């Protein structure tokens, strides 16, 4: 019944013939490609876990890896004093604090061993 009404709406709106499932898949693909958090996409789709979403829509992720690399490079290596600061971490104080938070603490199991030798 829903499909019949849906097809009629598509026809009246001069839209291409697509199934409800196809529309759902298209929506998820667009959201993932736009960089929406996979957890949010998973919740919208009603998946029981984010792993289902990531497994199903992993074809969108390769380009996202390159984008993540470029974003990290931009955050870490561009000059926040001369370039547009559009991200909250890009202010010099925040970047310094973030980098300090990101340092790996010394492991007490290894510090004693290096001091003994």
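Contact order normalised by length for the stretch 2-56, with contacts defined as Cα pairs under 8 Å and 6 or more residues apart; what percent is it?
Relative CO of the stretch 2-56 lands at 20 percent.
In nm, give the distance between the simple-model label positions of residue 67 and residue 24, each being 7 Å from the Cα along the Cα-to-Cβ direction.
Each label point lies 7 Å from its Cα, and together they span 2.4 nm.
Since every read-out is calculated from the coordinates, none of them should be taken as a lab result. Because the structure is a prediction, the values reported are computed rather than measured. Neighbour counts are summed over all protein chains in view; Cβ atoms, including those assigned to glycine, are modelled from backbone coordinates with ideal geometry.
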